[in-house]
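Undergrad: Structure provided below as structure tokens; questions to follow.
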Amino acid sequence: MSRPWLASYPAGVPAAAEPAQPDALSLFRAAAAAAPSGDAVRYFDHRLDYAELDRLSDALAVALQRRGFRAGDRLAVYLQNMPHFLVATLAAWKAGGIVVTINPMNREYELGKLLADAEPRALVCLEGLREGVVSRLAPETLPPILLTVDARDMQGRNDPRIFPAGAGEAATVPETDLRLAIAAGGGERPPAHRPAPAEVAFIVYTSGTTGLPKGARITHANLVQVAAAHKAWYGLAPGTPVLAAAPLFHITGLAGHMILAWALAAPLVLCHRFDPGVVLEAIAEHRPRYTANAITAYIALVNQPGVDPAPLASLEIVTSGGAPVPPSVARQVREKLGWPVLNGYGLTETSSGVVIMPVGSEGRVDPVSGALSIGVPICGVDAWIEGEGGVRLGHDEIGEIVLGGPMVADGYWRKPAETAESMRPDGFRTGDVGFMDAGGWFYVVDRKKDMINASGYKVWPREVEDVLYAHPAVREAAVVGVGDEYRGETVKAVVSLREGCKADRDELVTWCRERLAAYKVPRIVEFVEELPKNATGKVLRRVLRERRAGQAA
């Protein structure tokens with residue numbers, strides 16, 4: 001691998017890192033052997049040690065196999081950041097299966113598409129989601145095995161900021177209660193299984209050029225490679241507590257938090273879901289040293305009333321990715337929270353961040369665009385800028401960012417054409433446009449695709465447009481991303497109505513909110529007589545982005 005820019009790294013930055021184990025399950029087992037009584041999870045007032053996590057996942061694996069779960073089957077996890085996510089993941093692997101992660105904000109429209117694509121044999125979800133979402137799906141869409149979790153399980157504080165008063169979710173159907181399934185398999189171990197490094201560990205959904213969900217096949221080798229690289233890059237010692245501020249359904253939460261914690265035989269600090277006050281208290285109580293999240297999360301922490309940096313001093317390594325980091329915001333985080341933010345860049349397809357600022361370095365700002373550098377390639381990663389015809393470009397030349405190395409996923413689930421287009425033998429074509437300076441530092445300047453990046457979440461316009469088109473008053477709809485100081489980008493819908501029909505902004509927003517995750521719902525709606533199009537009838541998104549903001553939420 002050519003790394004001509006290695007000399008530009010600050011002293012002490014590692015050039016390579018070898019994984020300690022060949023697969024993610026072996027990584028966990030090594031942690032459980034090394035620290036059986038050590039905390040695997042810190043969750044409000046509950047602590048779960050590695051031995052108990054091993055036992056619970058054994059029992060669930062046995063219960064799954066008794067219900068017909070076999071090697072190669074998929075288990076979908078539709079949960080918040082809670083211990084059960086780890087139990088279900090390990091149980092699926094011990095039974096030879098693959099874990100499919102699903103955003104708990106997804107509604108039935110989105111969930112139905114993912115279940116139809118992944119065809120999981122089992123679904124583990126919150127009881128509230130079973131009642132409010134899963135029960136609305138067509139019976140033929142549902143997996144044969146359904147297990148539910150009380151949102152308040154494995155903790156006793158019932159913090160009203162996270163668990164509203166009266167939000168009891170005890171399962172009403174005994175055969176779906178995850179606790180009863182674990183109890184039924186308690187004391188038993190499943191037949192020994194060790195995944196091959198090339199086996200798929202997770203299917204993590206992103207979005208593709210067709211607008212339909214694409215499931216990135218993240219292998220066990222991808223996970224152990226990125227964990228080893230992050231451990232070396234950040235200089236993390238064994239036992240270093242990790243704050244899972246990012247959602248576990250997202251690749252940052254999976255590889256950058258959960259798998260990394262297992263590589264360190266360390267505690268994973270969970271908060272169920274992100275609430276700035278709860279997260280700040282968890283940092284003060286559980287003393288994590290490392291975390292990663294979108295810059296919008298840090299903005300929320302900075303703006304918490306009365307925030308005091310003193311109880312937050314344990315958190316020394318703070319990284320950000322998923323959305324551009326304005327230099328002014330990075331300064332605010334440092335001044336108000338005491339954390340220097342390491343900007344970084346990665347995608348679902350690269351199994352987490354792979355271009356990151358080195359620890360102890362000062363962020364570089366491009367004097368022309370004012371953009372903060374995303375850093376340099378971490379251990380084992382090759383990166384370059386590619387122009388038309390696949391030509392590698394030189395310093396300061398703008399082109400597509402291409403990434404290569406053992407962290408790149410082996411393809412998209414059941415999508416060979418999309419796999420061949422993006423994941424070529426030499427590297428993954430990201431679709432993002434940027435450049436590399438003479439020191440080897442990379443910058444993102446634009447997006448090649450029409451993807452909207454709202455607070456680090458990816459929104460595909462076509463999906464939102466499909467929901468808008470289903471409204472009886474909508475004749476045409478186009479969705480674009482427009483700049484937003486807080487979210488990076490905001491979803492904007494431009495709509496023309498059918499003749500004789502009426503609909504206002506609030507009606508369309510409500511229509512979308514009932515069918516889409518909150519971050520996908522348009523915050524700006526503009527009504528027009530006709531959408532701008534070219535001679536072939538294609539909507540000119542560039543023109544729509546340049547229009548006035550319209551009506552904001």
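The values are calculated or read from the model by the stated rules, or taken from the named source; none is laboratory data. All values reported here derive from a predicted model rather than from experimental measurement. We place every Cβ from the backbone using ideal geometry, glycine too, and count neighbours over all the protein chains shown.
Undergrad: In the list ILE162, ILE182, which residue meets the criterion of being modelled with pLDDT of 95 or more, within 16 Å of LEU60 (Cβ to Cβ) and either surrounded by 15 or more Cβ atoms within 10 Å (Cβ to Cβ) or among the small types (Gly, Ala, Ser) (or both)? Don't jump to the end; show me each part of the working.
TA: On the way: ILE162 fails: within 16 Å of LEU60 (Cβ to Cβ).
Going through ILE162, ILE182 in turn, just one is modelled with pLDDT of 95 or more, within 16 Å of LEU60 (Cβ to Cβ) and either surrounded by 15 or more Cβ atoms within 10 Å (Cβ to Cβ) or among the small types (Gly, Ala, Ser) (or both): ILE182.
Undergrad: Given the criteria surrounded by fewer than 21 Cβ atoms within 10 Å (Cβ to Cβ), touching a residue at least 12 places away in the same chain (Cβ under 8 Å) and within 23 Å of the chain's Cα centre (by Cα), does ILE283 qualify?
TA: Numbers: surrounded by fewer than 21 Cβ atoms within 10 Å (Cβ to Cβ): no; touching a residue at least 12 places away in the same chain (Cβ under 8 Å): yes; within 23 Å of the chain's Cα centre (by Cα): yes.
Here the answer is no, as ILE283 does not meet what is asked.
Undergrad: Continuing with the same structure: Which count do you get for residues in region 62-79 that are outside any loop (DSSP other than H, G, I, E, B) and either within 15 Å of ILE182 (Cα to Cα) or among the aliphatic types (A, V, I, L, M) (or both)?
TA: Residues of region 62-79 that are outside any loop (DSSP other than H, G, I, E, B), as a first pass: 62-66, 74-78.
If we keep only those that are either within 15 Å of ILE182 (Cα to Cα) or among the aliphatic types (A, V, I, L, M) (or both) as well, we get 62-66, 75-77.
So the answer is 8.
Undergrad: Right, something else. Residues of region 383-396 being more than 11 Å from PHE442 (Cα to Cα) and surrounded by fewer than 16 Cβ atoms within 10 Å (Cβ to Cβ), which ones? Lay out the reasoning, then the answer.
TA: Taking region 383-396 and keeping what is more than 11 Å from PHE442 (Cα to Cα), we get 386-394.
Of everything in region 383-396, those that are more than 11 Å from PHE442 (Cα to Cα) and surrounded by fewer than 16 Cβ atoms within 10 Å (Cβ to Cβ) turn out to be GLY387, GLU388, GLY389, GLY390, VAL391, ARG392, GLY394.
Undergrad: Being in contact with a Leu (Cβ under 7 Å, 6 or more places away or on another chain), crowded, with 21+ Cβ neighbours inside 10 Å and in the same structural domain as VAL226 (by TED's automatic domain parsing) narrows it down to one residue among VAL99, VAL62; which is it? Walk me through how you get there before you give the answer.
TA: Numbers: VAL62 fails: in contact with a Leu (Cβ under 7 Å, 6 or more places away or on another chain).
So the residue among VAL99, VAL62 that is in contact with a Leu (Cβ under 7 Å, 6 or more places away or on another chain), crowded, with 21+ Cβ neighbours inside 10 Å and in the same structural domain as VAL226 (by TED's automatic domain parsing) is VAL99.
Undergrad: Also, quick follow-up: Only residues that are among the small types (Gly, Ala, Ser) and crowded, with 22+ Cβ neighbours inside 10 Å: list them for region 461-480, please.
TA: Kept after step one, since they are among the small types (Gly, Ala, Ser), are these residues of region 461-480: 470, 473, 477-478.
Within region 461-480, ALA477, ALA478 qualify.
Undergrad: Return the only residue of ILE259, ILE299 being β-branched (Val, Ile, Thr), within 30 Å of ASP410 (Cα to Cα) and assigned to a helix (DSSP H, G or I). Before you say what the answer is, go through the steps one by one.
TA: Details: ILE299 fails: within 30 Å of ASP410 (Cα to Cα).
Going through ILE259, ILE299 in turn, just one is β-branched (Val, Ile, Thr), within 30 Å of ASP410 (Cα to Cα) and assigned to a helix (DSSP H, G or I): ILE259.
Undergrad: Here's another thing I want to ask about it. Answer yes or no: is there a residue in region 436-450 that is of a type in the set (A, V, I, L, M), in contact with a Cys (Cβ under 8 Å, 6 or more places away or on another chain) and either under 20 Å from GLY321 (Cα atoms) or surrounded by 20 or more Cβ atoms within 10 Å (Cβ to Cβ) (or both). Talk me through it step by step, then tell me what you get.
TA: Looking only at region 436-450, we keep the residues that are of a type in the set (A, V, I, L, M), and these are 436, 438, 444-445.
Narrowing further to those that are in contact with a Cys (Cβ under 8 Å, 6 or more places away or on another chain): none.
No: zero hits.
Undergrad: Go over the candidates ALA263, ALA216, ALA229, ALA246 one by one and state the one that is touching a Leu at 6+ places or on another chain (Cβ under 7 Å) and surrounded by 24 or more Cβ atoms within 10 Å (Cβ to Cβ).
TA: Numbers: ALA216 fails: touching a Leu at 6+ places or on another chain (Cβ under 7 Å); ALA229 fails: touching a Leu at 6+ places or on another chain (Cβ under 7 Å); ALA246 fails: touching a Leu at 6+ places or on another chain (Cβ under 7 Å).
From the options ALA263, ALA216, ALA229, ALA246, the qualifying one is ALA263.
Undergrad: Further question on the same structure: Can you go through VAL134, VAL124 and tell me which one is assigned by TED's automatic domain parsing to the domain that holds LEU180, surrounded by 22 or more Cβ atoms within 10 Å (Cβ to Cβ) and within 20 Å of ALA201 (Cβ to Cβ)?
TA: Details: VAL134 fails: within 20 Å of ALA201 (Cβ to Cβ).
Residue meeting the stated conditions: VAL124.
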